[in-house]
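Below is one structure, written out as structure tokens; comments come after it.
The values are calculated or read from the model by the stated rules, or taken from the named source; none is laboratory data. Because the structure is a prediction, the values reported are computed rather than measured. So basically every Cβ, Gly included, is an ideal-geometry build from the backbone, and we count neighbours across all protein chains shown. Each accessible area value is taken on the protein alone, full model and side chains, heavy atoms only, with ligands, DNA and RNA left out. Shrake-Rupley method; radii C 1.70, N 1.55, O 1.52, S 1.80 Å.
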Amino acid sequence: MSSRAFSRIKNRIKFVFAAWRQPRARLWTAAALVALGFLVALEVAARHYGIPGPITTQTREVIFPPKSGFLLYAGMALMMVVLTRRQRFIAVGAAIGIDLIVLVVRWAAGIKVTEGHPFGNGALWVMLGCVVIAVTRRTGRERALLLKGVGLGLLLVAGRKTGDAWLHITAKTRPVVLDQYMATADQALGNPSWLVGRIVRATGPAGAHVLDYVYVQLAVASVVVALYQLRHVAAERRFPSHHLVRTFLVVGLLGPGIYMIYPVVGPIFAYGVDGGQWAVANLWPETAPPISTPHAMPFDEITPRNCMPSLHTAWATVIFLHSRKGPRILRFAGTFWLIATLGATLGFGYHYGVDLVAGVVFALTIEAAMRSLARGWDRSGIQLVAHGTTVFAALLVTYRYLPMEMARYPLVFGPLLILAMGSVIIGYMRTTRVWEPKAAPGRQLEPQPELV
């Protein structure tokens, strides 16, 4: 009996090592280790600056009210693409049941929810429970599929926590900002933030509420599109080679790195009342800033330096791209979310127009890279990514070192900015159109002789 058990253990170990030697298994293992190392490093850095890191904030939401219950349920929805219809029903029921129990316990204990949402803990509990089930009750491909589903949902949530911690770090580590350079360069586009800001104020509370909802729930919108793309995972028992969530997460991973080398707080803070004593003047959105030589300016240690590039614009662009192959209502929703996000980023004074241009180029370049990675790199993919990277770098250099020229010659630099962005858009459209699989031509029947 003992020799048989030892042989069984030995065979299982051989199976694990054989599976690990597969290229995709090694890739997933490496990605998981890199993600874990990044989260631990960010947790340590956040603690160093006296703020909770992403691991701490996510762990707290197991019991305490989550910052966004909608995001947790969106993450659970992503996880459920790997479940059968019956399992989805059980998962949703369990999540709602846990939330009701937590709600009753808080009510009985007299605990009032003053921050965050009173729901969402149940969704997190269900995702963590699926991890336990995958490890203890699943084997082989079924275990890997369930873990991928849970990982997808938790990565969406962890991405939000990571972003929050990173934004705090940018405020602590970048004491000066480059808003004067951005505002000066924005003269080439006609100061769109000031224009759209006045339009949003003219629409009153109704327009502001709609745009605010679109701006805040961008991650939930991405999940809606992703669920459509991943609707066949449960039946096919595998994920497609490329989908929205992959690009969405990479945008969120790489974008904050640009914040550190190009810290900008936005017009409502640098030129508006929200900036307080740190603002240049209270000009936004009524009065466009005058053209003068820009300088780096000190700012507080609270406001995130999260303008360059506009990641909300980048994410909305990714949603728009991935909604193009959906039904008409999904295409309409993707278009609406992109337009409304652009309006919100400008109209609320969170970004300059040049931020949005950089955000579009940033999104298309990453999307092209992710699609090339999924289908295999070739000359067209390398050229497209290289072109997008070059244009993005050129935009940053131009904003930083030629803002006065951009302000003095708007009829030259304004069209050049649009042409630079347009070149990446057109290049992406032409290249990806060639990548699309061609439909096989229908077989033509040869004429048959007729009996007379």
Residues in region 316-336, backbone N under 13 Å from the label point at residue 213 (7 Å along the Cα-to-beta-carbon vector): list them, ranges by number please. none
Using a 1.4 Å probe and counting only protein heavy atoms, arrange 325, 67 so the residue with the most accessible area comes first. 325, 67
Hits among aspartates and glutamates - C-alpha to C-alpha of residue 67 under 19 Å, sequence gap 8 or more where chains match: 43, 99, 115, 164, 212
What accessible surface, in Å², does a 1.4 Å probe find on residue 126, ignoring ligands, DNA and RNA and rounding to the nearest 10? 20
Place a point 7 Å from the Cα of residue 430 in the direction of its beta carbon; the residues of region 357-387 whose amide N falls under 12 Å from it are 384
For residue 177, which sequence-distant residues (separation of 5 or more, or a different chain) have an amide H within less than 5 Å of its own amide H, given hydrogens modelled in the peptide plane? 297, 299
What list of whole percents do you get for P(r) of region 28-165, with Cα-Cα distances grouped in 5 Å bins up to the one holding the largest distance? 2, 10, 17, 21, 19, 15, 10, 4, 1, 0
At q = 0.13, 0.17, 0.18, 0.21 Å⁻¹, what base-10 log of I(q)/I(0) does the Debye formula yield for region 237-386 when every alpha carbon is treated as an equal point scatterer in vacuo? -0.68, -1.00, -1.07, -1.29
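Can you tell me the mean projection area, over all orientations, of the convex hull of region 162-267's alpha carbons? Units nm², please. Working shown, then result.
Working: hull surface 38.6 nm².
Dividing the Cα hull surface by four gives the mean projection, 9.7 nm².
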Charges at C-beta only: +1 for Lys and Arg, -1 for Asp and Glu. How large is the resulting dipole of region 130-278 about its Cα centre, in Debye rounded to 20? 900
How far apart, in nm, are two points set 7 Å out from the Cα along the Cα-to-Cβ line at residue 128 and at residue 227? 2.4
Residues whose built amide H sits under 5 Å from the amide H of residue 306, excluding neighbours closer than 5 in sequence, are 264
Putting +1 on Lys and Arg Cβ atoms and -1 on Asp and Glu Cβ atoms, find which of 330, 218, 393 reaches farthest to the positive end of the dipole of the chain. 330
With a 1.4 Å probe and all protein chains left in place, how much accessible area per residue does the chain have, in Å²? 54
Over the chain, with every protein chain in place, what whole percent of the accessible area is carbon and sulfur at 1.4 Å, could you tell me? 68
Hey, what does the equivalent ellipsoid look like for region 352-442, semi-axes from the Cα gyration tensor as sqrt of 5 times each eigenvalue, largest first, whole Å? 31, 13, 9
Hey, if you put +1 on the Cβ of every Lys and Arg and -1 on every Asp and Glu Cβ in the chain, which of 177, 241, 341 ends up farthest toward the positive end of that dipole? 241
Please report the projected area of the chain's Cα convex hull averaged over all directions, in nm². 34.1
Work out which GluC sites (Glu not before Pro) in the chain are exposed loop sites (DSSP not H, G, I, E or B, at most 14 other Cβ within 10 Å) and give the longest gap free of them. 116-285
So if I place +1 on the C-beta of Lys and Arg and -1 on the C-beta of Asp and Glu, and nothing else carries charge, what would the dipole magnitude of the chain be about its Cα centre? I want it in debye, nearest 20. 2580
